[in-house]
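Encoded as structure tokens, the structure appears first; notes follow it.
The values are calculated or read from the model by the stated rules, or taken from the named source; none is laboratory data. Just so we're clear, the structure is a prediction, and the values are computed from it rather than from any experiment. For neighbour counting, all protein chains shown are included, and Cβ atoms are generated from backbone atoms with ideal geometry for every residue, glycine included.
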Amino acid sequence: MGHHHHHHHQHGRHRPSNPRHGASTVRPRSYQSESYLHGFLGTVSDLQKDGVLQDVVLEVEGRRFPCHRLVLSAASPYFRAMFTSDMAESRQRTVVLQGLDAGMFEEILSYIYSATLHVSLDKVQPLYQAADLLQLDYVRDSCSSYMAMNVDCSTCVDLYKFADVFSVNRVLKRSLHFICMHLAEVASREEFCSLSVNQLTEIISQDQLDVKEETTVWEAVVRWVQHSREDRLHHLPSILPHIRFNLLTSDDTAAILDHPLVRENPGRSAIRNVIKETSNIRKRAGMDTLEMAMVFMETTNVTCQEILYMNPRAGKYIRCSYSEEDLPYISLTTAISGNNFYIGTEEPKGTDHLAVLEYSHAGNVWQRANMSTFQKPDMSRKSEIDEFLLEVDEILYYVFVERENISTSVWIRKYNRHTDQWQECSQLKIRMSNYLRNHSYHTVVSCGPHIYFLMKPQMHRYDPSQDRWCKLTPPKLEFCTTVAMGTEIFYTDREFSKTMVYDTKSDRWQVRQGWPNPRPVNLDNTILPYFFVLENQLHVWVEAFTISSLQTTNNLVYVYDKFTDTWRDLEATMPSGEYLTPDSCLPVARMYLPCLTAKGTDLCTACL
């Protein structure tokens with residue numbers, strides 16, 4: 001609701017309508033009572049509780065619900081039509097409603113009289129159906145966003161089936177995408193076998209299946225058919241065309257032809273023909289994936305963001321541009337789990353509300369993640385602020401570091417998927433001397449089940465399971481880039497003079513090799529190293545400016561060999577251009593090459 005509409009004309013002071021004439025007018029004004037506006041529903045709700053002024057009884061499954069026609073008509077177009085038309089119901093004292101569940105109708109009435117809706121996984125589907133019937137858009141939309149938010153391994157099949165029948169588009173897309181991304185796991189569950197034949201073929205005909213081999217798709221089909229073999233065997237000839245036999249080895253194909261389901265199938269000859277015919281069908285998304293690091297490019301074009309996805313080992317560089325609508329202002333980089341990319345952004349821009357964007361591989365687009373926004377902590381004008389988005393055990397954490405004169409505070413918000421809320425976690429406050437304040441970088445990194453806050457000469461660890469901070473052995477060296485790999489945290493300074501390694505198990509630091517020896521000759525001191533972990537190996541990308549001209553940069557990439565403690569030059573030819581340097585390391589995720597190249601420019605090494 002809006003703010004109080006007060007126009008500040010103090011009583012007794014008149015505003016002249018025309019400054020030249022002393023004449024003045026008293027302007028009329030309107031007052032709006034917020035308390036009446038907000039209190040109205042509360043009062044109506046009390047009348048309902050006390051059973052006062054009710055003028056209609058709705059009967060659902062034999063249960064009677066006395067209510068007010070006026071309130072029902074205001075809440076729902078369905079009731080408005082019923083009570084204001086020439087229908088018999090408009091005059092009846094008791095109206096029987098068909099096709100509704102009494103328990104759900106009670107929930108809906110409670111919403112109509114209180115504006116509060118209680119949703120849980122076991123109620124959300126019948127609630128959606130009731131809201132759909134009674135034309136309560138808000139309830140219906142809340143149910144569908146609740147469903148979309150709770151798509152996981154145990155719910156995806158059930159939600160997919162529901163969304164398919166009631167064509168709830170958003171939930172349908174979300175659950176289908178989830179099933180495709182976790183096919184092997186989902187197919188091994190009991191619910192998978194309850195899909196209809198059309199739903200099954202819809203799933204296995206998707207390009208976006210995240211499978212390494214096509215045999216996984218065949219195994220899912222076998223499980224589904226075996227579940228009730230008598231009824232399902234005759235569907236096989238219509239299912240098989242969706243399996244991409246051209247992606248199978250001849251041995252695998254032969255094994256399928258020899259499988260009892262096929263051997264004993266009355267439509268066997270038809271099946272043989274299907275297998276012969278499939279020839280040029282595209283690979284599944286999961287067959288062509290590559291881990292890639294992501295760097296933002298500096299562009300002259302204001303209306304778009306450019307991202308370079310790279311795997312220097314494979315010599316793969318793909319550059320994609322996204323419009324401002326797709327990828328608005330980025331306030332903090334991404335957190336990842338497996339193949340999920342997230343970006344924090346301000347929404348609306350220039351406010352203190354944080355929203356999360358997620359990357360959708362299927363369309364190579366960034367979209368609003370299905371998560372509520374939240375307001376960042378309130379900051380004093382004098383403080384410096386840094387933000388981080390991290391992931392621990394597939395849960396997102398937003399970390400906010402505020403540095404003031406004598407202290408540094410670290411705030412954490414944890415995203416709870418089931419309530420769709422960002423919860424406040426325990427805060428860390430560090431007092432600092434003046435010297436420290438001016439001479440220390442800080443960074444936040446997640447490693448294993450914990451979050452680490454590093455600030456020379458301090459180090460603290462946050463334990464989400466206990467919601468507690470504890471103090472650890474601090475690092476000795478200034479740092480510029482930090483990354484976690486396995487149970488270790490690596491960091492180095494701006495000069496990349498040596499690599500520091502922290503073992504989270506033993507709380508100990510070790511010093512390792514920095515620059516490859518001997519150091520490259522033609523570089524002066526202005527370098528910027530960035531760590532990233534690709535295919536379980538530590539890499540460093542160095543932006544280095546050559547002495548001859550500060551305009552040109554050399555982008556060097558080295559990979560670290562743990563056993564010999566040496567850095568090897570990958571002799572990568574990164575595309576030239578200005579990079580917007582990221583936080584403290586480059587985010588890495590498993591990318592689906594067919595989806596990327598469809599929209600991006602493949603800067604193959606040969607072209608550079």
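Within region 462-471, being under 25 Å from the mean Cα position of the chain (by Cα) and surrounded by 12 or more Cβ atoms within 10 Å (Cβ to Cβ) holds for Y462, D463, P464, D467.
Can you tell me which residue among L72, L121, L109, L100 is over 31 Å from the mean Cα position of the chain (by Cα) and part of a loop (DSSP other than H, G, I, E, B)? Before the answer, list the steps.
Working: L72 fails: part of a loop (DSSP other than H, G, I, E, B); L121 fails: over 31 Å from the mean Cα position of the chain (by Cα); L109 fails: part of a loop (DSSP other than H, G, I, E, B).
Result of the check over L72, L121, L109, L100: L100.
Condition test on A220, is it more than 18 Å from E202 (Cα to Cα), without any contact (Cβ under 8 Å) to a residue 60 or more places away in the chain and either assigned to a helix (DSSP H, G or I) or in contact with a helix residue (DSSP H, G or I) (Cβ under 7 Å, 6 or more places away or on another chain) (or both)?
Working: more than 18 Å from E202 (Cα to Cα): no; without any contact (Cβ under 8 Å) to a residue 60 or more places away in the chain: yes; either assigned to a helix (DSSP H, G or I) or in contact with a helix residue (DSSP H, G or I) (Cβ under 7 Å, 6 or more places away or on another chain) (or both): yes.
The answer is no for A220.
The single condition among (1) buried (at least 18 other Cβ atoms within 10 Å of the Cβ); (2) out of contact with any Gly (no Cβ under 9 Å at 6 or more places or on another chain) that Y309 does not meet is (2). The residues of region 26-42 that are surrounded by 10 or more Cβ atoms within 10 Å (Cβ to Cβ) and in a helix (DSSP H, G or I), listed by number, are E34, L37, H38, G39, F40, L41, G42.
The strands (runs of 3 or more DSSP E) falling completely within region 338-409 that include 2 or more residues that are closer than 21 Å to E291 by Cα and either more than 12 Å from the chain's Cα centre (by Cα) or of a type in the set (D, E) (or both) map to 384-392.
May I ask you to verify whether D86 is part of a helix (DSSP H, G or I), more than 30 Å from M371 (Cβ to Cβ), modelled with pLDDT under 95 and among the acidic types (D, E)? Steps first, answer last, please.
Working: part of a helix (DSSP H, G or I): no; more than 30 Å from M371 (Cβ to Cβ): yes; modelled with pLDDT under 95: yes; among the acidic types (D, E): yes.
No: the conditions fail for D86.
Close contacts from region 28-52, counting a first residue that is touching a residue at least 24 places away in the same chain (Cβ under 8 Å) and a second that is surrounded by 11 or more Cβ atoms within 10 Å (Cβ to Cβ) and aromatic (F, W, Y), with Cβ to Cβ under 6 Å and a gap of 6+ residues or different chains, come to S45/Y113; Q48/Y113. Just checking, how many residues over region 131-161 are assigned to a helix (DSSP H, G or I), over 30 Å from L97 (Cβ atoms) and out of contact with any His (no Cβ under 9 Å at 6 or more places or on another chain)? Number satisfying all stated conditions: 1. If a residue must be within 17 Å of I108 (Cβ to Cβ) and part of a loop (DSSP other than H, G, I, E, B), how many such residues does region 43-61 contain? Going through region 43-61 one residue at a time, the tally reaches 2.
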